[in-house]
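Enquirer: The structure's right below; bear with me while I get my questions together.
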Amino acid sequence: MKIKDKLKHLEELERKALLGGGDVRIKTQHDKGRLTARERIDALLDKGTFRETDKFVTHRCTDFNMAKNTILGDGVVTGFGKIHGRAVCIFSEDFTVFGGSLSKAYAEKICKLQDLALKMGCPIIGLKDSGGARIQEGVDSLAGYTDVFLRNVLSSGVIPQISAIMGPCAGGAVYSPAMTDFVIMVQGSHMFLTGPDVVKAATHEEVTFEELGGAMVHNEKSGVAHFAAESELECLGLIRRLLQFIPNNNLEDSPVTDANDDMNRMDLELDTIVPDSPNKPYDMHEIIKGVIDDGEFLEVHKYNAQNLIVGFARFAGKAVGIVANQPSVLAGVLDIDSAQKGARFVRFCDCFNIPIVTFVDVPGFLPGTAQEWGGVIKNGAKLLYAFCEATVPRVTVITRKAYGGAYCVMSSKHTRADINFAWPSAEIAVMGPDGAVKILYKKRIKEAKDPKAEEKQLVDEYTEKFANPFVTASKGYIDAVIRPSETRPRIIEALDMIQNKRDTNPPRKHGNIPL
Ligand code: HXC
């Protein structure tokens with residue numbers, strides 16, 4: 001064949017590869033309101049930067065009449081490109097090809113990309129739209145999945161891994177995203193291990209795809225997803241935004257932006273944000289937004305365990321992770337779900353050199369059999385463990401309550417936090433005044449002439465003694481009592497001071513976090 005003809009042949013193959021499962025299936029995909037695998041990549045990456053890899057790979061299955069059914073590229077589009085000018089690897093599952101189901105060749109394409117991303121130290125993004133293991137390929141497909149899972153694990157903590165669920169994500173397709181750092185679900189997409197038919201056969205329970213594994217189910221209930229997006233374009237925009245807060249790999253720092261917000265900005269409203277009554281709630285978001293750059297907060301796991309807030313923000317242009325109790329939900333208590341949510345976020349930040357700023361207003365752990373039987377001890381310990389092992393720069397601000405074990409857990413000085421502040425409204429003690437007095441003075445209150453008056457007086461005395469930050473400050477467990485209005489400049493100074501922190505854990509294979 002002459003060179004000219006070879007070029008023509010290449011063009012022909014390229015045109016064929018672009019078609020995926022063909023025009024009819026592309027139309028069906030569009031009719032469902034969904035983009036194709038390639039359209040998604042184009043919408044996500046910086047314009048014109050995508051370079052496809054393995055465009056001509058085909059599956060190798062000959063059973064079930066599959067030999068006559070090969071499609072160039074098989075069911076996944078892989079390659080690399082740029083987001084905000086930074087290199088990323090990307091794979092996008094193509095539902096138009098055998099329902100995006102995974103063959104051995106398809107898995108090999110993803111594995112090759114995972115190896116490249118790990119070696120190059122760049123984030124990897126998976127756009128998921130798949131019916132799971134390709135049934136026709138049998139164990140080859142299971143082998144392929146496991147090869148992908150292995151690489152997810154080996155990449156964990158080295159490069160950021162982000163998954164977007166754009167359509168169905170069934171069976172084996174769910175475990176790879178579950179092991180990545182962030183899962184974003186588009187409304188109308190689903191994640192499930194076993195579909196409604198199997199559920200019905202096994203449990204006689206009738207559920208829809210949406211009830212079983214819809215975007216809000218996994219955002220609110222299971223916590224599998226970190227973000228929900230109304231549309232595919234919003235989801236892709238969210239990935240771009242998320243990447244602005246996180247570094248390319250564990251040896252680099254997050255990108256720094258020009259800070260427009262005054263570093264010395266005081267927020268006088270913060271001086272009155274904590275109500276006089278210790279049982280009155282307030283919204284911790286207001287404190288967070290009042291102190292961070294331009295009030296721009298990217299909340300992670302927004303719909304799950306809302307008694308704890310986690311997310312990304314900036315101080316003086318530099319990215320931080322925020323962890324904060326939320327007094328307006330369940331009075332800000334820690335429980336199983338919030339501890340898990342917090343632990344995962346703290347560990348992400350620690351993997352990727354992102355300093356952590358913690359805001360504390362926590363009355364303790366949630367009591368009750370549901371919590372005890374559900375393992376609040378081991379789950380609460382996850383958050384404690386995560387903070388204790390974190391060696392990134394850490395600043396903590398106690399705004400009001402820091403009671404009992406929750407004081408210890410919430411990035412206290414004793415967990416190796418670097419700079420710990422308290423507002424004058426802070427109350428730091430083993431437990432709240434009411435509970436403490438009931439235990440300490442049970443007999444005295446019972447025997448008093450006026451038990452109610454006696455109890456009130458004892459509560460007042462206890463409050464006077466412990467419900468303030470000064471006892472803790474006198475022991476050096478907090479570094480300074482600061483005015484709420486000066487919180488932003490004080491955090492920025494502290495982060496500046498500790499930015500070159502180098503701390504390590506003892507050498508070991510790995511710790512044994514209570515999973
Ligand atoms: C092969 C598949 C497939 C699969 C879908 N298709 N899933 N082909 N293997 N796993 C094919 C369909 O046969 C169909 O082909 C085309 O893709 C589109 O599928 P539809 O069913 O028409 O689409 P839709 O109605 O939108 O339903 C999508 C779906 C459904 C919900 C994903 O296809 C489905 O339930 N698929 C099976 C999901 C599942 O149980 N997967 C688990 C596999 S086991 P034609 O040619 O007819 O259009 C597994 C275990 C791995 O993954 C464990 C590893 C740890």
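Enquirer: Looking at Y303, Y282, which one is of a type in the set (S, T, Y), within 22 Å of the chain's Cα centre (by Cα) and not in a helix (DSSP H, G or I)? Step through it out loud before you land on a result.
Expert: Values: Y282 fails: within 22 Å of the chain's Cα centre (by Cα).
The match here is Y303.
Enquirer: Looking at region 442-468, I want the residues that are at pLDDT 90 or above and have a partner that is open to solvent by 100 Å² or more (accessible area, probe 1.4 Å) with Cβ atoms under 7 Å, at least 6 apart or on another chain. Which pairs are those?
Expert: Once the first residue is at pLDDT 90 or above and sits in region 442-468, its partners that are open to solvent by 100 Å² or more (accessible area, probe 1.4 Å) give E454/R444.
Enquirer: Testing V274 on (1) within 16 Å of the ligand (Cβ to nearest atom); (2) assigned to a loop (DSSP other than H, G, I, E, B); (3) of a type in the set (V, I, T); (4) in contact with an Asp or Glu (Cβ under 9 Å, 6 or more places away or on another chain), one condition comes back false. Which one is that?
Expert: With (1) within 16 Å of the ligand (Cβ to nearest atom); (2) assigned to a loop (DSSP other than H, G, I, E, B); (3) of a type in the set (V, I, T); (4) in contact with an Asp or Glu (Cβ under 9 Å, 6 or more places away or on another chain) applied to V274, the lone miss is (1).
Enquirer: I want to confirm something. Restricting to region 320-342 and keeping residues that are among the hydrophobic types (A, V, I, L, M, F, W, C) and touching a strand residue (DSSP E or B) at 6+ places or on another chain (Cβ under 6 Å), which single residue is farthest from I292 (Cα to Cα)? Please lay out each step first, then the result.
Expert: Going through region 320-342, the residues among the hydrophobic types (A, V, I, L, M, F, W, C) turn out to be 320, 322-324, 329-331, 333-334, 336, 339.
Retained after the next criterion (residues that are touching a strand residue (DSSP E or B) at 6+ places or on another chain (Cβ under 6 Å)): 320, 322-324, 334.
Working: V320: 10, I322: 10, V323: 13, A324: 13, L334: 24 Å.
The qualifying residue farthest from I292 (Cα to Cα) is L334.
Enquirer: Here is a further query. Which one is nearest to the ligand (Cβ to nearest atom) among residues in region 160-186 that are in a loop (DSSP other than H, G, I, E, B) and out of contact with any strand residue (DSSP E or B) (no Cβ under 6 Å at 6 or more places or on another chain)?
Expert: Going through the qualifying residues, I end up with M179.
Enquirer: Restricting to region 317-336, name every residue that is of a type in the set (A, V, I, L, M) and either buried (at least 21 other Cβ atoms within 10 Å of the Cβ) or touching a Gly at 6+ places or on another chain (Cβ under 6 Å) (or both). Show your work before the answer.
Expert: Step one: list which residues in region 317-336 are of a type in the set (A, V, I, L, M), which gives 319-320, 322-324, 329-331, 333-334, 336.
Answer for region 317-336, where residues must be of a type in the set (A, V, I, L, M) and either buried (at least 21 other Cβ atoms within 10 Å of the Cβ) or touching a Gly at 6+ places or on another chain (Cβ under 6 Å) (or both): A319, V320, I322, V323, A324, V333, L334, I336.
Enquirer: Could you check region 192-237 and list, in sequence order, the residues that are more than 11 Å from the ligand (Cβ to nearest atom), surrounded by fewer than 18 Cβ atoms within 10 Å (Cβ to Cβ) and within 22 Å of T36 (Cβ to Cβ)?
Expert: Result: E230, S231, L233, E234, G237.
Enquirer: Let me ask another. Could you please let me know if S189 is away from the ligand (no atom under 15 Å from the Cβ), closer than 23 Å to L102 by Cα, among the polar types (S, T, N, Q) and surrounded by 16 or more Cβ atoms within 10 Å (Cβ to Cβ)?
Expert: It is false that S189 is away from the ligand (no atom under 15 Å from the Cβ), closer than 23 Å to L102 by Cα, among the polar types (S, T, N, Q) and surrounded by 16 or more Cβ atoms within 10 Å (Cβ to Cβ).
Enquirer: Taking into account only those residues within region 140-159 that are of a type in the set (A, V, I, L, M, F, W, C) and more than 10 Å from the ligand (Cβ to nearest atom), which is least open to solvent (accessible area, probe 1.4 Å)?
Expert: Top of the filtered list is I159.
Enquirer: Continuing with this model, one more query. Let me spell it out: the conditions are (1) in contact with a Pro (Cβ under 7 Å, 6 or more places away or on another chain); (2) farther than 27 Å from M120 by Cβ; (3) surrounded by 15 or more Cβ atoms within 10 Å (Cβ to Cβ), and L243 meets all of them except one. Which number is the exception?
Expert: If we test L243 against (1) in contact with a Pro (Cβ under 7 Å, 6 or more places away or on another chain); (2) farther than 27 Å from M120 by Cβ; (3) surrounded by 15 or more Cβ atoms within 10 Å (Cβ to Cβ), just (2) comes out false.
Enquirer: While we're looking at this one, here's another question. Tally the residues that are out of contact with any strand residue (DSSP E or B) (no Cβ under 6 Å at 6 or more places or on another chain), buried (at least 22 other Cβ atoms within 10 Å of the Cβ) and assigned to a helix (DSSP H, G or I), restricting the search to region 70-103.
Expert: Looking only at that region, the number is 1.
Enquirer: Could you grab me the full set of residues in region 106-120 that are open to solvent by less than 10 Å² (accessible area, probe 1.4 Å) and either assigned to a strand (DSSP E or B) or farther than 30 Å from D253 by Cβ (or both)?
Expert: Of everything in region 106-120, those that are open to solvent by less than 10 Å² (accessible area, probe 1.4 Å) and either assigned to a strand (DSSP E or B) or farther than 30 Å from D253 by Cβ (or both) turn out to be Y106, A107, K109.
Enquirer: Can you spot a residue in region 121-134 that is more than 8 Å from the ligand (Cβ to nearest atom), in a helix (DSSP H, G or I) and surrounded by fewer than 24 Cβ atoms within 10 Å (Cβ to Cβ)?
Expert: Among the residues of region 121-134, not one is more than 8 Å from the ligand (Cβ to nearest atom), in a helix (DSSP H, G or I) and surrounded by fewer than 24 Cβ atoms within 10 Å (Cβ to Cβ), which makes the answer no.
The values are calculated or read from the model by the stated rules, or taken from the named source; none is laboratory data. This one's a predicted model, so the numbers in the text were calculated from it and none came from an experiment. Ideal geometry is used to build each Cβ from the backbone, glycine not excepted, and the neighbour counts take in all protein chains shown. The area values use the complete protein model at the heavy-atom level, side chains included, leaving out ligands, DNA and RNA. Shrake-Rupley method; radii C 1.70, N 1.55, O 1.52, S 1.80 Å.
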